[in-house]
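First up is the structure itself, then whatever we jot down about it.
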Amino acid sequence: MTRTDPFFHPVSGMELPRFAGLATFMRLPHVGPDHPRLDEVEIGIVGLPFDGAVSNRPGARHGPRALRDASTMLRAQNGATGVRPFDAVACADLGDVGPNPVDVMDTLGRFEAFYAGIAARGIRPLTAGGDHLCTLPVLRGLVKGKPPLGLIHFDSHTDLYPVYFGGKVLTHGNPFRVAVEEGLLDPARMIQIGIRGTTYDNADVDFARANGIRIVRAEELFARGIPDVMAEARDIAGEGETYLSYDIDFVDPSVAPGTGTPEWGGPIAREAIEVLRALRGVNIVAADLVEVSPPFDAAGNTAWLGASLMFELLCLMVEAKVG
(Lines give C-alpha, C1' and ligand atoms only; values in the text may rest on other atoms or scores of the structure.)
Protein backbone atom coordinates (compact mmCIF):
# COMPACT_ATOMS: atom_id res chain seq x y z
CA MET A 1 0.00 0.00 0.00
CA THR A 2 1.29 3.46 -0.92
CA ARG A 3 1.01 6.26 1.62
CA THR A 4 -0.69 9.31 0.14
CA ASP A 5 -0.21 11.67 3.11
CA PRO A 6 2.53 14.07 1.95
CA PHE A 7 3.61 14.97 5.49
CA PHE A 8 5.89 11.95 5.96
CA HIS A 9 7.46 12.18 2.51
CA PRO A 10 10.82 13.87 1.87
CA VAL A 11 10.96 17.25 0.22
CA SER A 12 11.64 16.59 -3.46
CA GLY A 13 14.66 18.13 -5.16
CA MET A 14 12.28 18.99 -7.98
CA GLU A 15 10.40 21.29 -5.60
CA LEU A 16 13.25 22.72 -3.51
CA PRO A 17 16.94 22.37 -4.43
CA ARG A 18 18.69 19.89 -2.18
CA PHE A 19 21.20 22.51 -1.06
CA ALA A 20 18.35 24.71 0.23
CA GLY A 21 16.17 24.50 3.31
CA LEU A 22 16.88 23.08 6.75
CA ALA A 23 18.86 19.82 6.70
CA THR A 24 17.00 16.86 8.17
CA PHE A 25 17.73 13.17 7.67
CA MET A 26 16.76 12.38 4.06
CA ARG A 27 14.77 15.67 3.93
CA LEU A 28 12.06 14.14 6.11
CA PRO A 29 9.90 16.17 8.50
CA HIS A 30 11.37 16.91 11.90
CA VAL A 31 9.03 15.43 14.51
CA GLY A 32 10.10 16.39 18.02
CA PRO A 33 8.93 14.96 21.36
CA ASP A 34 5.96 17.36 21.56
CA HIS A 35 4.90 17.11 17.93
CA PRO A 36 1.17 16.27 17.52
CA ARG A 37 1.95 13.59 14.91
CA LEU A 38 4.67 11.76 16.85
CA ASP A 39 2.44 8.74 17.46
CA GLU A 40 2.03 8.28 13.71
CA VAL A 41 5.76 7.75 13.15
CA GLU A 42 6.69 4.14 12.39
CA ILE A 43 10.44 4.50 11.80
CA GLY A 44 12.27 7.39 13.43
CA ILE A 45 15.77 8.49 12.49
CA VAL A 46 17.70 9.71 15.53
CA GLY A 47 21.06 11.43 16.04
CA LEU A 48 23.31 10.63 19.00
CA PRO A 49 26.04 13.30 18.88
CA PHE A 50 28.42 11.83 21.46
CA ASP A 51 32.02 10.65 21.32
CA GLY A 52 32.99 10.85 24.99
CA ALA A 53 33.76 7.11 25.00
CA VAL A 54 36.35 7.00 22.22
CA SER A 55 39.74 5.63 23.23
CA ASN A 56 41.87 7.72 20.88
CA ARG A 57 40.71 10.14 18.15
CA PRO A 58 37.48 12.07 18.87
CA GLY A 59 35.16 13.72 16.36
CA ALA A 60 32.20 11.37 15.95
CA ARG A 61 30.04 13.76 18.00
CA HIS A 62 29.80 15.74 14.77
CA GLY A 63 28.71 12.64 12.81
CA PRO A 64 24.92 13.11 12.96
CA ARG A 65 25.13 16.66 11.63
CA ALA A 66 27.40 15.62 8.74
CA LEU A 67 25.20 12.61 7.94
CA ARG A 68 22.08 14.79 7.92
CA ASP A 69 23.67 17.21 5.52
CA ALA A 70 24.94 14.43 3.22
CA SER A 71 21.58 12.67 3.30
CA THR A 72 19.91 15.59 1.52
CA MET A 73 21.47 14.09 -1.63
CA LEU A 74 19.28 10.98 -1.35
CA ARG A 75 16.17 10.42 -3.44
CA ALA A 76 13.01 8.44 -2.74
CA GLN A 77 13.67 5.10 -4.46
CA ASN A 78 16.37 2.45 -4.10
CA GLY A 79 17.60 2.06 -7.66
CA ALA A 80 18.86 -1.51 -7.14
CA THR A 81 16.02 -3.04 -5.13
CA GLY A 82 13.09 -0.84 -6.18
CA VAL A 83 12.13 -0.20 -2.56
CA ARG A 84 10.37 3.11 -1.96
CA PRO A 85 10.57 3.36 1.84
CA PHE A 86 8.66 6.60 2.26
CA ASP A 87 5.69 5.28 0.30
CA ALA A 88 5.40 2.26 2.59
CA VAL A 89 6.13 3.52 6.13
CA ALA A 90 5.77 6.83 7.99
CA CYS A 91 9.35 7.98 8.56
CA ALA A 92 10.57 11.13 10.31
CA ASP A 93 13.67 12.77 11.73
CA LEU A 94 13.20 12.69 15.52
CA GLY A 95 16.14 15.03 16.10
CA ASP A 96 19.18 14.56 18.30
CA VAL A 97 19.19 13.27 21.86
CA GLY A 98 21.17 15.78 23.87
CA PRO A 99 24.21 14.20 25.57
CA ASN A 100 26.20 15.34 28.57
CA PRO A 101 29.58 15.86 26.85
CA VAL A 102 31.54 15.51 30.10
CA ASP A 103 29.72 12.57 31.69
CA VAL A 104 29.53 9.18 29.99
CA MET A 105 27.16 7.55 32.47
CA ASP A 106 24.73 10.46 32.50
CA THR A 107 24.71 10.43 28.70
CA LEU A 108 23.97 6.70 28.61
CA GLY A 109 21.02 7.28 30.93
CA ARG A 110 19.65 10.06 28.72
CA PHE A 111 19.93 7.93 25.60
CA GLU A 112 18.36 4.89 27.26
CA ALA A 113 15.37 6.91 28.49
CA PHE A 114 14.78 8.34 25.01
CA TYR A 115 14.79 4.94 23.32
CA ALA A 116 12.58 3.41 25.99
CA GLY A 117 10.13 6.22 25.25
CA ILE A 118 9.99 5.69 21.50
CA ALA A 119 9.86 1.91 21.95
CA ALA A 120 6.77 2.39 24.11
CA ARG A 121 5.20 4.26 21.18
CA GLY A 122 6.02 1.44 18.78
CA ILE A 123 8.58 3.50 16.82
CA ARG A 124 11.48 1.56 15.30
CA PRO A 125 14.73 3.57 15.42
CA LEU A 126 17.43 4.07 12.83
CA THR A 127 20.31 5.79 14.64
CA ALA A 128 23.24 7.91 13.51
CA GLY A 129 26.17 8.05 15.92
CA GLY A 130 28.26 9.05 17.63
CA ASP A 131 30.79 6.51 18.82
CA HIS A 132 29.95 2.83 19.14
CA LEU A 133 29.19 2.92 22.86
CA CYS A 134 25.99 4.70 21.78
CA THR A 135 24.61 1.31 20.72
CA LEU A 136 24.53 0.08 24.33
CA PRO A 137 21.93 2.55 25.68
CA VAL A 138 19.87 2.08 22.52
CA LEU A 139 19.72 -1.64 23.27
CA ARG A 140 18.97 -0.97 26.92
CA GLY A 141 16.04 1.25 26.00
CA LEU A 142 14.63 -1.11 23.39
CA VAL A 143 15.10 -4.47 25.11
CA LYS A 144 14.47 -3.78 28.79
CA GLY A 145 11.93 -6.34 29.98
CA LYS A 146 11.82 -8.03 26.58
CA PRO A 147 13.58 -11.04 24.99
CA PRO A 148 17.14 -10.37 23.76
CA LEU A 149 17.72 -9.40 20.15
CA GLY A 150 19.92 -11.04 17.56
CA LEU A 151 22.79 -8.95 16.16
CA ILE A 152 24.40 -8.54 12.75
CA HIS A 153 27.45 -6.36 13.29
CA PHE A 154 29.73 -4.90 10.59
CA ASP A 155 32.99 -3.56 12.00
CA SER A 156 36.76 -3.90 11.92
CA HIS A 157 36.70 -4.43 15.72
CA THR A 158 34.65 -6.82 17.84
CA ASP A 159 33.93 -4.27 20.61
CA LEU A 160 33.90 -7.26 22.98
CA TYR A 161 36.79 -6.19 25.17
CA PRO A 162 36.56 -5.98 28.96
CA VAL A 163 35.97 -2.49 30.31
CA TYR A 164 39.16 -0.46 30.29
CA PHE A 165 41.40 0.98 33.00
CA GLY A 166 40.93 -1.58 35.72
CA GLY A 167 37.34 -2.48 34.91
CA LYS A 168 35.89 0.96 35.60
CA VAL A 169 35.33 2.70 32.26
CA LEU A 170 32.90 1.88 29.46
CA THR A 171 34.22 2.78 26.00
CA HIS A 172 33.43 2.19 22.37
CA GLY A 173 35.55 -0.96 22.71
CA ASN A 174 33.08 -2.93 24.85
CA PRO A 175 29.38 -2.18 24.14
CA PHE A 176 28.60 -5.66 22.85
CA ARG A 177 30.33 -7.47 25.69
CA VAL A 178 28.24 -5.49 28.18
CA ALA A 179 25.09 -6.03 26.09
CA VAL A 180 25.60 -9.80 26.22
CA GLU A 181 26.33 -9.71 29.95
CA GLU A 182 23.14 -7.71 30.54
CA GLY A 183 21.01 -10.10 28.48
CA LEU A 184 20.22 -7.53 25.78
CA LEU A 185 21.63 -9.68 22.97
CA ASP A 186 21.37 -13.40 22.32
CA PRO A 187 24.97 -14.54 21.67
CA ALA A 188 23.74 -17.59 19.73
CA ARG A 189 22.17 -15.15 17.25
CA MET A 190 25.16 -12.82 16.91
CA ILE A 191 27.58 -12.52 14.01
CA GLN A 192 30.38 -9.97 13.64
CA ILE A 193 31.74 -9.43 10.14
CA GLY A 194 34.89 -7.72 8.82
CA ILE A 195 37.09 -7.97 11.93
CA ARG A 196 40.75 -7.21 11.25
CA GLY A 197 43.82 -5.27 12.35
CA THR A 198 46.11 -5.45 15.35
CA THR A 199 44.86 -6.39 18.82
CA TYR A 200 45.90 -6.05 22.44
CA ASP A 201 45.32 -9.74 23.18
CA ASN A 202 42.65 -12.43 22.66
CA ALA A 203 40.24 -11.31 25.40
CA ASP A 204 37.55 -10.40 22.89
CA VAL A 205 37.88 -13.59 20.84
CA ASP A 206 37.95 -15.73 23.99
CA PHE A 207 34.71 -14.06 25.16
CA ALA A 208 33.11 -14.71 21.77
CA ARG A 209 34.08 -18.39 21.79
CA ALA A 210 32.91 -18.88 25.36
CA ASN A 211 29.50 -17.41 24.52
CA GLY A 212 28.95 -18.79 21.02
CA ILE A 213 29.36 -15.51 19.11
CA ARG A 214 30.34 -15.98 15.46
CA ILE A 215 33.26 -13.83 14.27
CA VAL A 216 34.00 -13.58 10.54
CA ARG A 217 37.33 -11.91 9.96
CA ALA A 218 37.84 -9.79 6.85
CA GLU A 219 40.15 -12.43 5.41
CA GLU A 220 37.38 -15.04 5.63
CA LEU A 221 34.81 -12.64 4.19
CA PHE A 222 36.90 -12.09 1.07
CA ALA A 223 37.95 -15.74 0.74
CA ARG A 224 34.37 -17.03 0.88
CA GLY A 225 32.66 -14.11 -0.80
CA ILE A 226 29.86 -11.82 0.32
CA PRO A 227 26.89 -13.98 -0.79
CA ASP A 228 28.11 -17.01 1.17
CA VAL A 229 28.89 -15.09 4.36
CA MET A 230 25.62 -13.15 4.24
CA ALA A 231 23.73 -16.43 3.83
CA GLU A 232 25.36 -17.56 7.07
CA ALA A 233 24.40 -14.24 8.70
CA ARG A 234 20.77 -14.75 7.68
CA ASP A 235 20.83 -18.27 9.11
CA ILE A 236 22.30 -17.08 12.42
CA ALA A 237 19.80 -14.25 12.76
CA GLY A 238 16.95 -16.60 11.92
CA GLU A 239 13.41 -15.27 11.99
CA GLY A 240 13.71 -13.49 15.33
CA GLU A 241 13.96 -9.75 15.91
CA THR A 242 17.44 -8.55 15.00
CA TYR A 243 19.51 -5.41 15.53
CA LEU A 244 21.96 -4.32 12.81
CA SER A 245 24.95 -2.21 13.82
CA TYR A 246 27.27 -0.79 11.16
CA ASP A 247 30.55 0.86 12.14
CA ILE A 248 31.86 2.91 9.22
CA ASP A 249 35.37 1.60 9.93
CA PHE A 250 34.17 -1.72 8.49
CA VAL A 251 34.92 0.04 5.20
CA ASP A 252 38.51 0.47 4.05
CA PRO A 253 39.96 3.89 4.99
CA SER A 254 40.98 4.49 1.37
CA VAL A 255 37.23 4.89 0.80
CA ALA A 256 36.04 6.08 4.24
CA PRO A 257 38.90 7.90 6.01
CA GLY A 258 36.59 9.91 8.27
CA THR A 259 36.62 7.69 11.32
CA GLY A 260 38.53 7.52 14.58
CA THR A 261 39.92 3.98 14.42
CA PRO A 262 40.58 3.08 10.77
CA GLU A 263 41.91 -0.36 9.78
CA TRP A 264 43.37 -1.19 6.39
CA GLY A 265 42.18 -4.20 4.41
CA GLY A 266 38.43 -3.59 4.41
CA PRO A 267 35.71 -3.54 1.76
CA ILE A 268 35.37 -0.87 -0.90
CA ALA A 269 32.19 1.19 -1.22
CA ARG A 270 30.43 -1.20 -3.60
CA GLU A 271 31.02 -4.11 -1.21
CA ALA A 272 29.99 -2.01 1.78
CA ILE A 273 26.56 -1.58 0.17
CA GLU A 274 26.38 -5.13 -1.19
CA VAL A 275 26.58 -6.73 2.27
CA LEU A 276 23.40 -4.91 3.29
CA ARG A 277 21.41 -5.73 0.18
CA ALA A 278 22.28 -9.40 0.76
CA LEU A 279 20.39 -9.27 4.09
CA ARG A 280 16.93 -8.67 2.62
CA GLY A 281 14.42 -10.76 4.54
CA VAL A 282 16.10 -10.52 7.94
CA ASN A 283 13.73 -9.26 10.65
CA ILE A 284 15.65 -6.06 11.38
CA VAL A 285 13.73 -4.01 13.94
CA ALA A 286 16.40 -1.37 14.66
CA ALA A 287 19.76 -0.34 13.24
CA ASP A 288 22.57 2.17 13.57
CA LEU A 289 25.45 3.69 11.59
CA VAL A 290 28.24 4.92 13.86
CA GLU A 291 31.76 6.35 14.09
CA VAL A 292 31.63 8.83 11.20
CA SER A 293 34.12 11.52 12.26
CA PRO A 294 33.93 14.66 10.10
CA PRO A 295 37.26 16.14 11.30
CA PHE A 296 39.03 13.30 9.44
CA ASP A 297 36.69 13.48 6.42
CA ALA A 298 38.14 16.34 4.41
CA ALA A 299 36.18 15.70 1.20
CA GLY A 300 32.97 14.57 2.91
CA ASN A 301 33.07 11.17 1.17
CA THR A 302 32.75 9.21 4.43
CA ALA A 303 29.59 11.06 5.43
CA TRP A 304 28.12 10.59 1.96
CA LEU A 305 28.82 6.85 2.07
CA GLY A 306 27.41 6.73 5.60
CA ALA A 307 24.21 8.46 4.51
CA SER A 308 23.88 6.06 1.57
CA LEU A 309 24.31 3.11 3.94
CA MET A 310 21.64 4.56 6.22
CA PHE A 311 19.25 4.60 3.27
CA GLU A 312 20.02 0.92 2.63
CA LEU A 313 19.41 0.21 6.33
CA LEU A 314 16.11 2.07 6.16
CA CYS A 315 15.03 -0.01 3.17
CA LEU A 316 15.84 -3.22 5.07
CA MET A 317 13.87 -2.01 8.10
CA VAL A 318 10.90 -1.02 5.94
CA GLU A 319 10.80 -4.41 4.22
CA ALA A 320 11.01 -6.14 7.60
CA LYS A 321 8.15 -4.05 8.94
CA VAL A 322 5.78 -4.47 6.02
CA GLY A 323 6.71 -8.12 5.48
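The values are calculated or read from the model by the stated rules, or taken from the named source; none is laboratory data. Remember, it's a predicted structure, so these values are computed and weren't measured experimentally. In this analysis, Cβ positions are derived from the backbone assuming ideal geometry, glycine residues included, and neighbour counts consider all displayed protein chains. What goes into the accessible areas is simple: the full protein's heavy atoms, side chains included, and nothing from ligands, DNA or RNA. Shrake-Rupley method; radii C 1.70, N 1.55, O 1.52, S 1.80 Å.
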Taking a probe of 1.4 Å and leaving out DNA, RNA and ligands, the chain shows per residue an accessible area in Å² of 41 Å²
Within the set 120, 80, 90, GNM on the chain using Cα springs under 10 Å gives the largest fluctuation to 80
Here the tail fraction of P(r) beyond 24 Å, over all Cα-Cα pairs of region 134-238, rounds in percent to 22 percent
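Using a 1.4 Å probe on the protein chains only, how many percent of the accessible area of the chain belongs to carbon and sulfur?
Ligands and nucleic acids excluded, carbon and sulfur reach 54 percent.
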Once the in-chain neighbours fewer than 8 apart are removed, the lysines whose Cα is under 26 Å from residue 321 read 144, 146
With all protein chains in place and a 1.4 Å probe, residue 26 shows an accessible area in Å² (nearest 10) of 10 Å²
Sorted by accessible surface (1.4 Å probe, heavy atoms of the protein chains only), largest first, 164, 200 come out as 200, 164
The equivalent-ellipsoid semi-axes of region 34-132, taken as the square roots of five times the Cα gyration tensor eigenvalues and listed largest first in whole Å, are 26, 19, 10
Sorted largest first, the Cα spans of region 227-281 on the principal axes come out in Å as 35, 20, 14
Highest GNM mean-square fluctuation among 101, 49, 267, for the chain with Cα springs under 10 Å, belongs to 101
Within region 1-109, DSSP-loop GluC sites (Glu not before Pro) with at most 10 other C-beta atoms within 10 Å are 15
Computed about the Cα centre, the charge dipole of region 6-322 from +1 Lys/Arg and -1 Asp/Glu charges at the Cβ has a magnitude in debye, to the nearest 20, of 460 debye
log10 I(q)/I(0) for the chain, Debye formula on C-alpha points only (no solvent), q = 0.10 Å⁻¹, two decimals, reads -0.50
In debye to the nearest 20, the charge dipole size for region 193-323, taken about the Cα centre with +1 at each Lys and Arg Cβ and -1 at each Asp and Glu Cβ, equals 280 debye
Within region 1-74, DSSP-loop chymotrypsin sites (Phe, Trp or Tyr not before Pro) with at most 15 other C-beta atoms within 10 Å are 19
Of all GluC sites (Glu not before Pro) in region 189-247, the ones in DSSP coil with at most 13 other Cβ atoms within 10 Å are 239
Once residue 270 and residue 209 are pulled to full extension, the length gained, defined as 0.36 nm per residue separation minus their Cα-Cα distance, is 18.9 nm
Judged on accessible area alone, 1.4 Å probe, highest first, 153, 62, 35 line up as 62, 35, 153
